[in-house]
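First comes the structure, then the notes that go with it.
The values are calculated or read from the model by the stated rules, or taken from the named source; none is laboratory data. Since the structure is predicted, the reported quantities are computational estimates derived from the model, not experimental observations. Cβ placement follows ideal geometry from the backbone for every residue including glycine, while neighbour counts extend to all protein chains displayed.
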Amino acid sequence: MERQRPDTTSNEIELYIRTYYSLLRSTGEVRVRSFEEAHCFSRSSLHPGARDIEPDIDAFGYAAARVPDVMDEVEKIVLGQSTEQFEDHGYRMRDWHRIEARGRRRAFRFDGSEALAAFIASASDIDDLIPIVTAYQIEWNKMHALLQASDLGRALAEGKRADSGSDQDAELAEILGLDEDGIKKLRDALGSHASIAFQRIARAPSDRRVILLEGSFNQYQTAAQKWWSGIEPLYLRPTKPRRPAVYFVSSNTHSLANLIGGYARAHRESLLDEVQVDDQPQNIDEENNLLYYALRTHLGRNPDALDAVQRWDAESGFHTAENPVHVEVDAQVIDLSRLRPERLDPRVRVPGMESLRESQAVIINIDYPLGLAAYHLMSRLGQGIGPLRGAYIMGKAATLNGHVGDVSISRVVHDEHSRNTYLFRNAFAARDVAPYLKLGSVMDNQKAVTVRSAFLQNSTYMGVVYREGFTVLEMEAGPYMSALYELLEPRRHPNDQIIDLGERSHFEFGVLHYASDTPYSRRQELLSKSLGYFGIDATYACATVILRRILEREVAQVTGS
């Protein structure tokens, strides 16, 4: 019989986690080099070249994309949970610059000189950020050592060589042991001011420091309360006396908006003029997905256009909640009684939609959080809402048996945080998703593991997981299930147990993951491959199925059918 609880313990990974948490208990600054030995010993699958002399550019690129481009200027990283906490310790956040990372939604502030502040919404932010910063420093110092031993490196360090394009790239590639593709990845990783970054790498080794400002579980809950305070006014709808029933969705901020609002389809010609299309879409579904991609491009180039899009969406009962804290999880409240069926994507129109004018329900959609933040936010949301009719989770995952752009549907989730294994009846099956997925495959009856961090896995860990039938690696489902357990039971979630949520639940639960990473294939993994149109196809297939499910259930609720 197939086991439901994987023995995923890795001594090397556990040592690494204990190392950085014990060091971060210090009230003073900790040098990142204090983490390096445990990081290398962990043999992370994301950083297989950590102990090599040659740079691991894939790992450096992954890390660099998840910190701001100013990282080459940073000497100190300060981790805190609120503006008040930073300012109580003498860091005047109001005077610091707000900056972002390309590959991670996290609130950062930069003092313009040497200090980077990172807001942490849960312990998962620590598990994510410390290995990222450590990998960045390890690879920086490898490149520094190689450059310092070369004429070009010494010239760069002294400011005697300017960036000379392809000729310099050829020299850099030879010095660093990279091919043409590798040097391009390195330039991409260093961002818009790569030339200056090369000079800084050549000039000095990295000896960054990090400090954690009195992190506490209570502060995470306080942040979740402030986050809910931005949603509550839209949810309560003062013109209606009862708290509406809720369909909860964790996805992103664009898919439901595009499927419901219809702005992109109404502005088809102008949006298509902004994108280059090699092959014309073969059907209306592909064209709609292309329009949604074009709208994202349009908003990226014209941020001021967002107001017009949001005003349009508001006509269909779609409102974005205020986010009063530095939790990078936006939320949207959708009033089902105000939907305009003629504006909906044809894929999500269901019979009987006219009856939704009598609906007393809303959809609360949030931008999927990182790791344990899902637990804190779902717990607070659960305290503030009326009847919960369904909870639907859509997110990215690594797959051990598929390809980028495939969709996995699990019925078992093992959570590395609680060590619980959750069994549940997934609301979705392959037959629900397949009609809307054009480029990938759908695999149901899968088993998922909620991991602590992308770096906190090694080949031994993944081998055990795969042998025991767990094929999906992701970061949110387990914490969500721990929070949902507490909506069903009069006690906090246990630890190290097998829990059958299907026997307890009075609401429907659905989980869909689309593959963004294939850890066993270095050619395809997220380190170097963009999801591109595969991501659009999978995202909208999953979002379509979730929205259809909600609308069908609410039509049945309103009509009594």
Pair list, Cβ under 7 Å, 6 or more apart: region 496-512 residue farther than 17 Å from F248 by Cα and touching a residue at least 40 places away in the same chain (Cβ under 8 Å), other residue surrounded by fewer than 17 Cβ atoms within 10 Å (Cβ to Cβ) and not aliphatic (A, V, I, L, M): D496/R419; I498/Q4; I498/R5; G502/R425
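Would it be correct to say that Y16 is buried (at least 20 other Cβ atoms within 10 Å of the Cβ) and either in contact with a Leu (Cβ under 6 Å, 6 or more places away or on another chain) or part of a strand (DSSP E or B) (or both)?
no
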Some residue of region 31-38 being at pLDDT 95 or above and touching a strand residue (DSSP E or B) at 6+ places or on another chain (Cβ under 7 Å): yes
Residue match in region 91-110 (condition: of a type in the set (F, W, Y), in contact (Cβ under 8 Å) with a residue 60 or more places away in the chain, out of contact with any Gly (no Cβ under 6 Å at 6 or more places or on another chain) and surrounded by 20 or more Cβ atoms within 10 Å (Cβ to Cβ)): no
1 or more residues at pLDDT below 90, closer than 30 Å to E554 by Cβ and assigned by TED's automatic domain parsing to the domain that holds I536: qualifying helices (runs of 4 or more DSSP H) within region 206-298: 217-236
Any pair with Cβ under 9 angstrom, 6 or more apart, that starts in region 263-284 at a residue that is surrounded by fewer than 14 Cβ atoms within 10 Å (Cβ to Cβ) and ends at one that is modelled with pLDDT under 70: none
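Can you find even one residue in region 466-475 that is assigned to a helix (DSSP H, G or I) and over 21 Å from the mean Cα position of the chain (by Cα)? Can you show your working first?
To start, the set of residues in region 466-475 that are assigned to a helix (DSSP H, G or I) comprises 466-467.
From what is left, the residues that are over 21 Å from the mean Cα position of the chain (by Cα) are 466-467.
Within region 466-475 (the criterion being assigned to a helix (DSSP H, G or I) and over 21 Å from the mean Cα position of the chain (by Cα)), the answer is yes, since at least one residue qualifies.
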Sole exception among (1) assigned to a helix (DSSP H, G or I); (2) within 30 Å of H144 (Cβ to Cβ); (3) modelled with pLDDT of 90 or more for H193, by number: (3)
Residues that are closer than 19 Å to V511 by Cβ and part of a loop (DSSP other than H, G, I, E, B), drawn from region 443-453: V451, R452
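Is there a residue being out of contact with any His (no Cβ under 9 Å at 6 or more places or on another chain), under 26 Å from D415 (Cβ atoms), in a loop (DSSP other than H, G, I, E, B) and among the basic types (K, R) anywhere in region 19-42?
yes
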Complete set of residues in region 142-170 that are closer than 23 Å to E36 by Cα, out of contact with any Asp or Glu (no Cβ under 9 Å at 6 or more places or on another chain) and surrounded by 15 or more Cβ atoms within 10 Å (Cβ to Cβ): M143, H144, L147, Q148
Residue satisfying condition, being modelled with pLDDT of 95 or more and among the hydroxyl-bearing types (S, T, Y), within set Y480, Y466: Y480
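So which of Q137, Q148 is under 29 Å from the mean Cα position of the chain (by Cα) and assigned by TED's automatic domain parsing to the domain that holds D88?
That would be Q137, the only listed residue that is under 29 Å from the mean Cα position of the chain (by Cα) and assigned by TED's automatic domain parsing to the domain that holds D88.
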Filtered residue count, region 29-48, keeping only those that are farther than 20 Å from I126 by Cβ and either aromatic (F, W, Y) or surrounded by fewer than 19 Cβ atoms within 10 Å (Cβ to Cβ) (or both): 1
Condition broken by E84, with the remaining ones in (1) in contact with an Asp or Glu (Cβ under 9 Å, 6 or more places away or on another chain); (2) without any contact (Cβ under 8 Å) to a residue 12 or more places away in the chain satisfied: (1)
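Would you check if V465 is without any contact (Cβ under 8 Å) to a residue 60 or more places away in the chain, in contact with a strand residue (DSSP E or B) (Cβ under 9 Å, 6 or more places away or on another chain) and more than 30 Å from N289 (Cα to Cα)?
So V465 does not fit the description; no.
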Candidates S122, S195, filtered to the one that is of a type in the set (S, T, Y) and either without any contact (Cβ under 8 Å) to a residue 24 or more places away in the chain or within 30 Å of F217 (Cα to Cα) (or both): S122
Selected residue [of a type in the set (K, R), farther than 23 Å from A454 by Cα and over 26 Å from the mean Cα position of the chain (by Cα)] from R109, R92, R51: R92
Lone qualifier among A434, A454 - being free of Cβ contacts under 8 Å to residues at least 24 places away in the same chain, in the same structural domain as I366 (by TED's automatic domain parsing), touching a strand residue (DSSP E or B) at 6+ places or on another chain (Cβ under 9 Å) and farther than 13 Å from H414 by Cβ: A434
Checklist (1) within 21 Å of the chain's Cα centre (by Cα); (2) acidic (D, E); (3) within 24 Å of H506 (Cβ to Cβ) applied to D406, failing item: (3)
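Residues are listed down the side, and each one gets a yes or a no for (1) at pLDDT 95 or above; (2) over 30 Å from L456 (Cβ atoms):
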| residue | (1), (2) |
| --- | --- |
| A308 | no, yes |
| G317 | no, yes |
| V329 | no, no |
| V350 | yes, yes |
| L370 | no, no |
| T399 | no, no |
